[in-house]
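Heads up, the thing below is written out as structure tokens.
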Amino acid sequence: MRFDRRGIGDSVGELLRFEHMETDLRSAIAVFQKNVPELKHVVLYGGCEAASGIMISAYQLSGVKSVILANPWVNDSMHTVVSRRHYYRKLSDPHFWKKLVTFQYNFAEYASSFISYIKNRLLNGAPKDHVSSKAVTKSEVPFQERMLSGFQKFDGPVLFLKSGLSLISEEFDDLVSSSKVWHKAYSRAGVKRRELPFSDQTFSTAAARSEISEAVTDWMFEMNKLTRTDDKMGNT
């Protein structure tokens, strides 16, 4: 089942930031279970901000067996050190320039990400956009900390998808490699990673869609096998 959180795409209502997806995710799962009563387990998939929102909320959602997280978003003024190192390293990397001049990178994506970094530096941590007052009442904790906390609390299998042509995915890798607590959570049992070398951030090409379709299909097959094994053990 595919759905848009409120205020985006086909969904009406007041738009809230991705940090506040729990209610929408819970409602979507409830509708899914109502219309497919034989459904026992749910696997959540999200890309970019949706992946970050799932990391925050999944542990609180009944029936969620596993999550698939494609290129989670972590760019924020909290991580200016990580971002600075990331961009400086990129500018000195000949492979980056080769990919850039041969149009293997989405230049608009790179520019947007870099501008966001510069803006956060200039504003010294000021909010990037205006959000509903409802969106800030739940918590003032930086969303990256909530991502880590939710990720640590979720005890099901996790698949990370890493797009080879996405700078946003590399920012997430920089965060994981620069933090002992992130690296520990990322390296635990049940967490897997799959590289998608021909994919950009939004899987906008036929090659990218082929890669992600194969990755998700393989993971769902693996989860079905795991579920059948768990059910057999429960019946013994």
For this session: With the checklist (1) more than 18 Å from Y59 (Cβ to Cβ); (2) open to solvent by less than 70 Å² (accessible area, probe 1.4 Å); (3) at pLDDT below 95 in hand, flag the one item W219 doesn't pass.
Result: (3)
Seminar exercise, completed: Note: among L44, L25, just one is in contact with a Gly (Cβ under 8 Å, 6 or more places away or on another chain) and of a type in the set (A, V, I, L, M, F, W, C), namely L25
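So for the range 199-213 (the condition being within 22 Å of Y59 (Cβ to Cβ), open to solvent by less than 20 Å² (accessible area, probe 1.4 Å) and touching a residue at least 60 places away in the same chain (Cβ under 8 Å)), does at least one residue qualify? Full working, then the answer.
At the first step, the residues of the range 199-213 found to be within 22 Å of Y59 (Cβ to Cβ) are none.
No, the range 199-213 contains no residue that is within 22 Å of Y59 (Cβ to Cβ), open to solvent by less than 20 Å² (accessible area, probe 1.4 Å) and touching a residue at least 60 places away in the same chain (Cβ under 8 Å).
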Seminar exercise, completed: Over the range 17-55, the set of residues in contact with a Ser or Thr (Cβ under 6 Å, 6 or more places away or on another chain) and either open to solvent by 80 Å² or more (accessible area, probe 1.4 Å) or in a loop (DSSP other than H, G, I, E, B) (or both) is M21, H41
Exercise. So which residues in the range 143-158 are open to solvent by less than 50 Å² (accessible area, probe 1.4 Å) and not in a helix (DSSP H, G or I), if there are any at all?
Worked result: F154, G156, P157, V158
Exercise. Any chance the range 91-105 includes a residue that's farther than 25 Å from L44 by Cβ, part of a helix (DSSP H, G or I), at pLDDT below 65 and open to solvent by less than 90 Å² (accessible area, probe 1.4 Å)?
Worked result: no
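The values are calculated or read from the model by the stated rules, or taken from the named source; none is laboratory data. Keep in mind the model is a prediction, meaning the values are calculated, not measured. FYI the Cβ positions are ideal-geometry reconstructions off the backbone, even for glycines, and counts take in every protein chain you see. The accessibility values were calculated without ligands, DNA or RNA, using every heavy atom of the protein model including side chains. Shrake-Rupley method; radii C 1.70, N 1.55, O 1.52, S 1.80 Å.
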